[in-house]
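Asks: The structure is given below, and queries will be raised subsequently.
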Amino acid sequence: MKKPITFDVVREVGLTLPRARESRYYRMPALKVDDEMFACCTSHPSAEPNSISVPVGFERREELVAAHPDIFYVKPHYTAYPVVLVRLDRISRSALQRLLRSAHRAVATGAVIPGKRTPRSSPTRRRGRAFNLSPNLS
């Protein structure tokens, strides 16, 4: 039987990334890189239990929700922010690892700023290097 994904697993995976540290974000357990959040337990009551918020950018969020609505979702409270909500009980560990690496890289490079309400426009922003969930969704 596989181990259920909880924030403990998120912490275990996320803390292996460079400069990652455990912290708080709006009083909730979070992981940060260079003082910016790249994974956080959700705090708003509209979020489903056992979900996390992960900064991925507005375009990538749309792609993830469209491709995997069983795993990724967004609620009205979160639509103004470049984050996607993740149902931890539906994502595989390998997909979670890819998601956290991608979010960590996006935040560390400044391509995504979690608390900003509008997309950051940058002519040097790279696209197309996002992770792929297809090989193992569950």
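Asks: Determine which aspartates and glutamates satisfy two conditions relative to Lys116: a Cα distance under 13 Å, and not lying fewer than 8 residues away in the same chain.
Replies: Within the straight-line cut-off, Lys116 pairs with Glu36.
Asks: Pull out the extension gain between Ser43 and Ser94, defined as 0.36 nm times the separation in residues minus the alpha carbon to alpha carbon distance; nm, one decimal.
Replies: Numbers: separation 51, 0.36 × 51 = 18.36 nm, distance 2.49 nm.
Fully extending the segment from Ser43 to Ser94 adds 15.9 nm.
Asks: Please compute the per residue accessible area over the stretch 1-76 with all protein chains in place, 1.4 Å probe, rounded to a whole number of Å².
Replies: Averaged over the residues of the stretch 1-76, the accessible area is 56 Å².
Asks: To the nearest 0.05, how large is the calculated FRET efficiency for Phe58 and Asp8 if R₀ is 35 Å and r is the Cβ-Cβ distance?
Replies: Once the sixth-power term is evaluated, E becomes 0.75.
Asks: For Tyr25, list long-range residues whose amide hydrogen, built 1.01 Å from N in the peptide plane, is under 5 Å from its own amide hydrogen.
Replies: Hits under the 5 Å cutoff: Ala30.
Asks: Classify the stretch 33-87 as rounded, prolate or oblate from the Cα gyration tensor: take a ≥ b ≥ c as the square roots of its eigenvalues, call it rounded if a/c is under 1.5, otherwise prolate when a/b beats b/c and oblate if not.
Replies: The shape class here is oblate.
Asks: Another question, if that's okay. Which of the aspartates and glutamates could be linked to Lys32 by a straight reach, that is with a Cα gap under 16 Å, when you skip same-chain ones fewer than 8 residues away?
Replies: Cross-link targets: Asp8, Glu12, Glu22.
Asks: Read phi for every residue in the stretch 105-116 and hand back ³J(HN,Hα) as whole Hz from Karplus 6.51 cos²θ - 1.76 cosθ + 1.60, θ = phi - 60°, with x for Gly and Pro.
Replies: 4, 4, 6, 4, 8, x, 5, 10, 10, x, x, 7
Asks: Which value in nm describes the separation of the simple spin-label points at Asn50 and His77, placed 7 Å from the Cα toward the beta carbon?
Replies: Result: 2.0 nm between the two label points.
The values are calculated or read from the model by the stated rules, or taken from the named source; none is laboratory data. Everything numeric in this text was worked out from a predicted model, so none of it was measured. Every residue, glycine as well, gets a Cβ built from its backbone with ideal geometry; the counts of neighbours run over all protein chains shown. For accessibility, only protein heavy atoms count, side chains too; no ligands or nucleic acids. Shrake-Rupley method; radii C 1.70, N 1.55, O 1.52, S 1.80 Å.
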